[in-house]
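Read the figures in this text as sums done on the coordinates, not as results from a lab. Quick caveat: nothing in here was measured; it's all calculated off a predicted structure. Cβ placement follows ideal geometry from the backbone for every residue including glycine, while neighbour counts extend to all protein chains displayed.
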Amino acid sequence: MRLLPYAIATAIALSLPVQATETPYPGTYTVPTSAPVLIRDATVLIGNGERMDEADVLLRDGRIAAVGANLEAEGARIIDGRGKFVTPGLIDVHSHLGVYAVPAMSAHNDGNEMTAPTTPNVWAEHSLNPNDPGFDAARSGGVTSMQILPGSANLIGGRGVTVKNVPATTYQAMKFPGAPYGLKIACGENPKRVYGGKGASPMTNMGNVAGYRKAFLDAQDYVRQQDEYTKKLMAWEKGDKDERGDKPTPPKTDLALDTLAGALRGEILVHNHCYRADEMATMLDLADEFGFKITAFHHGVEAYKIADLLAEKGVCGALWADWWGFKMEALDGIQENIAFVDAAKNGCAIVHSDSGEGIQRLNQEAAKAMAYGNRAGLKITPEHAIRWLTANAARALGVADQVGTLEAGKQADVVVWNGNPFSVYAKAEEVFIDGALRFDRNDRSTWHQADAMLGMQKEVTP
């Protein structure tokens, strides 16, 4: 049962306007003004499983205006799409760009707050360095949005943030408007190694689960206190002004429990780093025990073993194409993992990177997964596989109503490829974010360069 947020419940009871809780660190990203763009006669992969050949895509006022045949738009810039493919912008649900910024120095190790096994009070955005050159490299690979997460040293690592992949000086200017926060949870070897190595809990999987349960028990109590305060406040507001006494005092805010309460209420989406099938099943039981939903398991090299269970629970698998074997919990991976998770009835498969290099070639990672699935007899088409990088990823980040498919009214995050994006030779030629051209492979003036790279330029004698 989902608990009604006390701020919303109070607003309803008092006939006040219901508003989302305001973050103390609001985003400042705004959609830039841009001229209309009409892409003609391209192969269009919509992102929902549909493919349109020799089709047009019209971008106007930061949105997808239309997708179809023989479109016209006065004053639009025309792109000849013959021989090219058009897809939604790619979305990486698991990135550490900015919190482990390039160059890889100890001063840039800002992704893991390894001071306690549960740190839901920390937010990845407060470590995010927009000057990381990795953002530019990812954009040249067609990535238009991503979730920046804390690392996996802790049982509960903190909040993740979804950003638009635009050049910026502040992280606030990158935040995806209206995107919910994520909560990073990690099961398995990492928390055991970090804290067990210090002679502290957890040092076993038993300790891991006990740590989660303690944290969410505290969060449930915190929610009860908030709900009780809401009831008292509602009664006080309705009471006789001469007899109702002092106004109720709200419970003290706790930053850590505030985040966990958001997860219990479904306001913050839970993203779970987890490899083994048995541990994922345990985490699903934990979610049932405390009444929250796991949005996606990340890495999940054994997700294929419980593909039906994940589909039944409505949980996505955000997975690598073929990373495996680098530690014991990653030993039993198979190359067909993504394809098998996808093949389950109502399955939700996502290709993610967890890598500053892999994010530059997400399309090739998906191509490998598609090839492995086809080799297993699943007959996966490009128009189907593109969902692993777009629509399914948008669903896991809670922004599927805005991005992930090329449908009229959605944000114009669009990539024009020089050919089939699942070819090893494919390159993103033009990348649009909210209709604005952010990268053109043939126009160096569009190639943003992070400040950190400017001093790396070789001097050229005129």
(Q) How many angstrom lie between the Cα centre of region 33-102 and the Cα centre of region 105-176? (A) 26 Å
**Q.** R0 of 56 Å, Cβ-Cβ distance L454-D240: FRET efficiency to nearest 0.05
**A.** 0.25
Q) How many times 2.2 N^0.38 Å is the alpha carbon radius of gyration of region 121-254? A) 1.49
Q) For the residues S145, S34, what sequence is obtained by ranking on other C-beta atoms within 10 Å, fewest first? A) S34, S145
Q: Holding the Cα-Cα limit at 30 Å, pick out from K164/K252; K175/K214; K164/K368; K293/K427; K198/K305 the pairs that are longer than that.
A: K164/K252; K175/K214; K293/K427; K198/K305
Q: Give me the compactness ratio for region 317-388, meaning the Cα radius of gyration over 2.2 N^0.38 Å.
A: 1.05
Q) In debye to the nearest 20, how big a dipole does the chain give about its Cα centre with +1 on each Lys and Arg Cβ and -1 on each Asp and Glu Cβ? A) 320 debye
Q: Could you sort 251-259, 121-129 so that the peptide with the highest average Cβ count within 10 Å comes first and the rest follow in order?
A: 121-129, 251-259
Q) Counting only Cα, what are the radius of gyration and maximum Cα-Cα distance Dmax of the chain, in Å? A) 23.3, 86
Q: State the volume of the convex hull built on the alpha-carbon positions of region 173-315, expressed per residue in Å³ and rounded to an integer.
A: 171 Å³
(Q) Placing one identical point scatterer on every Cα of region 120-188 and ignoring solvent, what is log10 I(q)/I(0) from the Debye formula at q = 0.19 Å⁻¹? (A) -0.74
Q | For region 232-355, convex hull of alpha carbons as volume per residue, Å³ | A | 136 Å³
(Q) Taking the beta-carbon count within 10 Å as an exposure proxy, list K313, K198 from fewest neighbours to most. (A) K198, K313
(Q) What percent of all Cα-Cα pairs in region 163-209 falls into each 5 Å bin, going from 0 up to the bin containing the maximum distance? (A) 5, 19, 17, 10, 7, 8, 14, 16, 4
Q: Taking the Cβ of each residue in M283, M146 as the centre, tally the other Cβ atoms inside 10 Å and list the residues starting with the fewest.
A: M283, M146
Q. How much length is gained if the chain between A281 and S106 is pulled fully straight, taking 0.36 nm per residue apart and subtracting their Cα-Cα distance, in nm to one decimal?
A. 59.4 nm
Q) If packing is taken as the mean number of other Cβ atoms within 10 Å per residue, what is the order of 299-310, 339-350, 57-68, highest first? A) 299-310, 339-350, 57-68
Q.
Given the options L389, A168, S201, identify the residue whose Cα lies farthest towards the positive end of the charge dipole of the chain (+1 on Cβ of Lys, Arg; -1 on Cβ of Asp, Glu).
A. S201
